[in-house]
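The values are calculated or read from the model by the stated rules, or taken from the named source; none is laboratory data. In this text, all values refer to a predicted model and were calculated from it rather than measured experimentally. A quick note on method: Cβ atoms are made from the backbone with ideal geometry, for glycine too, and the neighbour counts reach across all protein chains shown. Calculation scope for accessible area: heavy atoms of the full protein, side chains included, ligands and nucleic acids excluded. Shrake-Rupley method; radii C 1.70, N 1.55, O 1.52, S 1.80 Å.
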Amino acid sequence: MRKLRRLWRALEGLPGLSAERLEWQRLLDGDWEAAQAILRPTGRLAESVWCPSPGGDGCPRRVVHHEDKSIVAVCGDRPRQCETLNLSLEDIAVLSLDFRGLAEALSNILSIDGDARPVPGLHRTFRLGEHAVTAGGGFPVFLSIQPEREAMSATAAQLCHGYGGPFALVTPTDDLVDFSTRETLKVRGAALAVLEEIVGADDENRLIGLSAPEKIFTDLRQRILDDRKV
């Protein structure tokens, strides 16, 4: 098994959670094969592609479709800074994160029951379901993928305000979870789980847990068990 650092970091680095296949492959490198299970085609084609020397007025390289069905990406700078790139339709097909597909995979990995659904009023945030500890006792698990610290902080604060019991918040990495957000979750008794550390891939590029759910949610599980004893 291996970690998927490039995948989880890419999700936080792409504001729209979508890009052409060529860009996903560039960003993900060795994580590309595992990532395909949670990406879906949007039916759109990219009109431009990444430049290796960005910054000029003609960036990024413009996609040009020729009458003979050939496709190229052309640098618009004068003089040109990048080579013309030969492309296929597959290269420029725009793929987006399949939020529900990821949610279902995480539910299996983290032993979560219930149907994943968006959280009303919270952008790019899903309630995955509930992780059961005892018969009739458990806690909900939320997944949130944000592009910046301010958005992550606001999301965590709203979850803490809107939910009355213990819960877990899952994020791709902890890069956008600042000290204040950590304290907010800690005071509220909520747990933070980071995909970069807990979900990887096996030799067949299937998403798998790097730790058992019982270990990932140790503190919350113990709190539920202690409350049952009272």
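General observations
- Residue check for residue 116: among the hydrophobic types (A, V, I, L, M, F, W, C), under 27 Å from residue 36 (Cα atoms) and in contact with a Phe, Trp or Tyr (Cβ under 6 Å, 6 or more places away or on another chain): yes
- Residue 173 falls short on exactly one of the conditions (1) in contact (Cβ under 8 Å) with a residue 40 or more places away in the chain; (2) within 20 Å of the chain's Cα centre (by Cα); (3) crowded, with 18+ Cβ neighbours inside 10 Å, and that condition is (3).
- Applying the condition of being more than 19 Å from residue 84 (Cβ to Cβ) and of a type in the set (Lys, Arg) to the range 22-57 and asking which residue is surrounded by the fewest Cβ atoms within 10 Å (Cβ to Cβ) yields 44.
- Where a residue in the range 102-115 is acidic (Asp, Glu) and its partner, wherever it lies, is part of a helix (DSSP H, G or I), with Cβ under 8 Å and at least six apart: 113/107
- First in the range 73-92 and under 11 Å from residue 62 (Cβ atoms), second anywhere and among the small types (Gly, Ala, Ser) and assigned to a strand (DSSP E or B), Cβ under 7 Å, 6 or more apart: 84/73; 85/73
- Just one of the listed residues (135, 151) is surrounded by fewer than 21 Cβ atoms within 10 Å (Cβ to Cβ), farther than 17 Å from residue 31 by Cβ and touching a residue at least 12 places away in the same chain (Cβ under 8 Å), namely 151.
- Within the range 176-213, the residues that satisfy the criterion of being open to solvent by less than 30 Å² (accessible area, probe 1.4 Å) and closer than 23 Å to residue 34 by Cβ are 176, 193, 194, 195, 196, 198, 199, 200, 201, 202, 209, 213.
- Unique match (being surrounded by 14 or more Cβ atoms within 10 Å (Cβ to Cβ), aliphatic (A, V, I, L, M) and under 22 Å from residue 13 (Cα atoms)) among 122, 128, 159: 122
- The requirement of being surrounded by fewer than 17 Cβ atoms within 10 Å (Cβ to Cβ) and touching a Leu at 6+ places or on another chain (Cβ under 8 Å) is satisfied by residue 72.
- Pair list, Cβ under 8 Å, 6 or more apart: the range 21-40 residue part of a helix (DSSP H, G or I), other residue open to solvent by 70 Å² or more (accessible area, probe 1.4 Å) and of a type in the set (Phe, Trp, Tyr): 22/50; 23/50; 26/50
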